[in-house]
């Protein structure tokens, strides 16, 4: 159940961003989540919906999730391949000398928010 822990960490980050930018309400948060990050996106969304009710800044927010495909590189043949169907064994040469290039991330891609009166911020 690490999804709730990630939500709590995310909320702390959003609080910090809100304070720095005079955000009064968050409309949506877009996350880019890797295919092999270990995050169960359906459960993550449920945790978001539960937690946001207890966090006034996020109360009306929508969570948007984009998937980052998992891609692995093979050092033996120098080629990249889709990780999910092949795992750690290169489908091109059969080598196990491979490493994950992408697909393990969890990144805040975008935050849509309302801020305090623009005049208070110097006309921004």
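Quick notes on this one:
- Residue check, residue 30 touching a residue at least 24 places away in the same chain (Cβ under 8 Å) and either within 30 Å of residue 116 (Cα to Cα) or crowded, with 17+ Cβ neighbours inside 10 Å (or both): yes
- Strands (runs of 3 or more DSSP E) lying entirely in the stretch 1-91 (those with 1 or more residues that are under 18 Å from residue 111 (Cβ atoms)): 23-34, 62-68
- Only one of 41, 67 that is under 16 Å from the mean Cα position of the chain (by Cα), loosely packed, with under 14 Cβ neighbours inside 10 Å and over 28 Å from residue 116 (Cβ atoms): 67
Bear in mind these aren't lab numbers, they're just calculated from the coordinates by the rules spelled out. Since the model is a prediction, treat every value here as computed from it, not as a measurement. All Cβ positions, glycine included, derive from the backbone under ideal geometry; neighbour counts span all protein chains shown.
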